[in-house]
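Note sheet for the following structure.
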Amino acid sequence: QVQLVESGGGLVQAGGSLRLSCAGSGGTFSNYAMGWFRQAPGKEHEFAAYINWSGGSTNYVDSVKDRFTISRDNAKNTVYLQMNSLKPEDTAVYYCAASTIRATSANRYAYWGQGTQVTVSS
């Protein structure tokens, strides 16, 4: 069973950048595909980015393409989300999650972190 802990959230002005980290423990991290999801107040979890077990394949929701970059370091059991050119509509709690398959649906991810708040001011 994998435990996931996110960090790196905070308050940033529009146009700024943040890098989120998600540290995994308790399992073989490289066995899992990883996803970043976000949840704004009153809304459901929204897929943001995906990376496969090796880091060789990624996928993004259209609204973050060319602004966000997902990456991973299996030696450090960590996945990252570099977020540039942030917009107020990116404000949400960001969660990392682990899956045994390639997926963009939240219900395909078995393990979740506790989330980290990202707030983008205009």
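Label-point separation (nm) for Lys76 and Ala40, each offset 7 Å from Cα along Cα-to-Cβ?
Reported label-point gap for Lys76 and Ala40 is 3.0 nm.
Taking 0.36 nm per intervening residue step and subtracting the Cα-Cα distance, what contour gain separates Asp66 from Ser105 on full extension?
11.9 nm
Can you give the log10 of the normalised intensity I(q)/I(0) at q = 0.23 Å⁻¹, computed with Debye over equal Cα scatterers of the stretch 1-48?
Each listed q corresponds, in turn, to -1.03.
If each of Asn84 and Asn52 carries a label point 7 Å out from its Cα toward its Cβ, how far apart are those two points in nm?
Computed distance between label sites Asn84 and Asn52 equals 2.5 nm.
For the chain, with every protein chain kept in place, what is the accessible area per residue (1.4 Å probe, Å²)?
That works out to 50 Å² for each residue.
How large, in Å, is the chain by the Kirkwood hydrodynamic radius built from its alpha-carbon pairs?
About 14.1 Å for the chain.
Run the accessible area of the chain with a 1.4 Å probe and give the carbon-and-sulfur part as a rounded percent.
44
If I ignore ligands, DNA and RNA and count only protein heavy atoms, how much of Arg19 is accessible to a 1.4 Å probe, in Å² to the nearest 10?
130
Return a whole-number percent for the relative contact order of the stretch 8-122, with Cα pairs under 8 Å and 6 or more residues apart as the contact set.
Contact order relative to length: 36 percent.
Give me D for the stretch 37-98 in µm² s⁻¹, whole number, from Stokes-Einstein with Rh from the Kirkwood sum over alpha-carbon pairs, 37 °C and 0.692 mPa s.
The Stokes-Einstein estimate is 266 µm²/s.
Quickly work out the Leu11-to-Ser30 label distance, labels modelled 7 Å from Cα along the C-beta direction, and quote it in nm with one decimal.
The modelled label-to-label distance comes out at 4.2 nm.
The values are calculated or read from the model by the stated rules, or taken from the named source; none is laboratory data. Being a predicted model, the structure only gives us computed values, none of them experimental. Glycine gets a Cβ as well: all are built from the backbone with ideal geometry, and neighbour counts include every protein chain shown. The accessibility values were calculated without ligands, DNA or RNA, using every heavy atom of the protein model including side chains. Shrake-Rupley method; radii C 1.70, N 1.55, O 1.52, S 1.80 Å.
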